[in-house]
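See below for the structure under consideration.
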Amino acid sequence: MTHSSTILQAHTRCLELLKAHPHSQTLQSCKTQLEYLQELVDGRRQDAQRLYEIILGVYAAREFEALDMRFAEMLYAVEDVVKTLKAVRVE
C-alpha cells in the first residue's frame with residue numbers, strides 16, 4: 001500500500017464516522033490532519049513543519065481502539081507514514 005492510499009483509506013473512514021458523529025472534535029481534528037498529510041504526499045503542499053504536530057496515533061490509542069479498532073489501525077498505519085516522512089525530510 002502506498003503512502004497516499006494509506007492516508008486516503010483512513011480519510012474515507014474518518015468521513016464515514018463524521019457522518020455518524022458530526023460534532024466530534026477528535027474526528028474533525030483527524031480529518032484536518034489527514035487532509036494535510038494527503039496534500040503533502042501528493043505534492044500540493046511543501047510545508048513539512050506540521051508533521052511534528054500530527055497526533056493521530058494518540059487519538060487511535062485514546063479515542064478509537066475501544067470504539068472502532070479498524071479505524072485505530074488505519075491511524076496507526078498513517079502514523080508509520082508520518083515517521084517515514086519525518087525521516088525523509090530531515091532538515
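The values are calculated or read from the model by the stated rules, or taken from the named source; none is laboratory data. Predicted model only: the values in this text are computed from it and were never measured. Heads up, the Cβs are rebuilt from the backbone with ideal geometry, glycines too, and the neighbour counts pull from every protein chain shown.
Out of the residues in the range 58-73 that are part of a helix (DSSP H, G or I) and in contact (Cβ under 8 Å) with a residue 40 or more places away in the chain, state the one that is surrounded by the most Cβ atoms within 10 Å (Cβ to Cβ). Lay out the reasoning, then the answer.
Step one: of the range 58-73, the residues part of a helix (DSSP H, G or I) are 58-64, 69-73.
Going one step further and asking which of them are in contact (Cβ under 8 Å) with a residue 40 or more places away in the chain, we end up with 70-71.
Details: 70: 8, 71: 22.
If we take residues in the range 58-73 being part of a helix (DSSP H, G or I) and in contact (Cβ under 8 Å) with a residue 40 or more places away in the chain, then 71 is surrounded by the most Cβ atoms within 10 Å (Cβ to Cβ).
Hey, any hits in the range 2-18 for a residue that's at pLDDT below 95, surrounded by fewer than 17 Cβ atoms within 10 Å (Cβ to Cβ), in a loop (DSSP other than H, G, I, E, B) and not charged (D, E, K, R)?
yes
One residue is enough: does the range 30-46 have a residue meeting the conditions touching a helix residue (DSSP H, G or I) at 6+ places or on another chain (Cβ under 9 Å), free of Cβ contacts under 8 Å to residues at least 40 places away in the same chain and loosely packed, with under 11 Cβ neighbours inside 10 Å?
Scanning the range 30-46, I find at least one residue that is touching a helix residue (DSSP H, G or I) at 6+ places or on another chain (Cβ under 9 Å), free of Cβ contacts under 8 Å to residues at least 40 places away in the same chain and loosely packed, with under 11 Cβ neighbours inside 10 Å, so the answer is yes.
Restricting to the range 31-57, count the residues that are acidic (Asp, Glu), over 12 Å from the mean Cα position of the chain (by Cα) and in a helix (DSSP H, G or I).
1
Can you tell me which residue within the range 74-91, out of those that are at pLDDT below 95 and in contact with a His (Cβ under 9 Å, 6 or more places away or on another chain), is surrounded by the fewest Cβ atoms within 10 Å (Cβ to Cβ)?
In this case the residue turns out to be 84.
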